[in-house]
Amino acid sequence: QQQVKQSPQSLIVQKGGISIINCAYENTAFDYFPWYQQFPGKGPALLIAIRPDVSEKKEGRFTISFNKSAKQFSLHIMDSQPGDSATYFCAASYQGGSEKLVFGKGTKLTVNP
Amino acid sequence: NAGVTQTPKFRILKIGQSMTLQCTQDMNHNYMYWYRQDPGMGLKLIYYSVGAGITDKGEVPNGYNVSRSTTEDFPLRLELAAPSQTSVYFCASSLGQGGSPLHFGNGTRLTVT
């Protein structure tokens, strides 16, 4: 079964710290790895995404690191802010197909002021 | 643009009752999806549609039905509601092309008692 394993389940970070969320996958056919951010009472929204032809992608304070040989990818949030407090989902799909997107179980991030 | 709109926001059903969760989008997206979100379990795909008149099962379709008569609307029907269907339901849409993001509604919280 196609799976994406996400850890940790919850994370508490102090303001200004670095938040790191990890994901691992099994299916080597996966070729698209997005991260979604969800605030309470809202639907998830795309935060950042990467394809396996690059090892890192950075957008502002958010960076995806990708290790193809280890079949792992991670989200780093630099200078974490209380407004970053949300649930983060990693996901993966193959053939770029949105209908084949498989989500991790989510990480609830709390950034303390 | 309103994006993806879901109604109702909350609903309580008795076991055995039926209901339809409504979803409409104004982005002219061909692809639409229904997910359910349970605490600590991530997002599970129930059904999806790649265009009007075309629907297909996702990972957890049992107990649900869908139809797609127009590009804009993708209702989810629950027949004979069961406590296991207590969840938060999210509708989403996308262009469907490789790497196109999913746009989620704000969800319907359903309780079956």
Exercise. Could you give the radius of gyration (one decimal) and Dmax (whole number) of the Cα atoms in chain A, in Å?
Worked result: 13.4, 41
Exercise. What is the ratio of the Cα radius of gyration of region B:32-79 to 2.2 N^0.38 Å, where N is its residue count, to two decimals?
Worked result: 1.13
Exercise. Where Lys and Arg each count +1 and Asp and Glu each count -1, what net charge lies around residue B:78 among other residues with Cβ under 13 Å from its Cβ?
Worked result: +3
Exercise. For region B:69-113, what are the per-bin percents of Cα-Cα distances with bins 10 Å wide, up to the bin holding the maximum?
Worked result: 22, 41, 28, 8, 0
Exercise. Any idea how far the Cα center of region A:37-67 sits from the one of region B:54-72, in Å?
Worked result: 28 Å
For this session: With N set to the residue count of region A:1-48, report its C-alpha Rg divided by 2.2 N^0.38 Å to two decimal places.
Result: 1.38
Exercise. Given the alpha-carbon gyration tensor of chain B, what are the semi-axes of its equivalent ellipsoid in whole angstrom, ordered largest first, with each equal to the square root of 5 times an eigenvalue?
Worked result: 23, 14, 13
Exercise. Build a GNM of chain A with springs between Cα atoms under 10 Å: which of A:82, A:40, A:52 gets the top mean-square fluctuation?
Worked result: A:40
Problem set entry | Whole-Hz ³J(HN,Hα) from phi, Karplus 6.51 cos²θ - 1.76 cosθ + 1.60, for region B:50-61, glycine and proline x | 9, x, 4, x, 10, 9, 8, 6, x, 6, 10, x
Exercise. Convex hull over the alpha-carbon atoms of the protein assembly as shown: what's its volume per residue in Å³?
Worked result: 121 Å³
For this session: Report the residue, chosen from A:84, A:53, A:31, that carries the largest GNM mean-square fluctuation when chain A is represented by alpha-carbon nodes joined by springs under 10 Å.
Result: A:53
For this session: Could you tally up the Lys pairs in region A:1-100 with alpha carbons closer than 17 Å? Skip any pair fewer than 8 positions apart unless they're on separate chains.
Result: 5
Exercise. Just for region B:2-113, what percent of DSSP beta bridges are antiparallel, to the closest 5?
Worked result: 90 percent
Exercise. Given springs between every Cα pair under 10 Å in a Gaussian network model of chain A, which of A:28, A:63, A:87 has the largest fluctuation?
Worked result: A:28
Exercise. Rounded to the nearest 5, what % of the DSSP beta bridges within the protein assembly as shown are antiparallel ones?
Worked result: 90 percent
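Computed from the coordinates by the stated procedures, all read-outs in this text should not be read as laboratory data. Here the structure is a predicted model, which is why all the values come from computation and not from measurement. Virtual Cβ from ideal backbone geometry, glycine too; neighbours counted across all protein chains shown.
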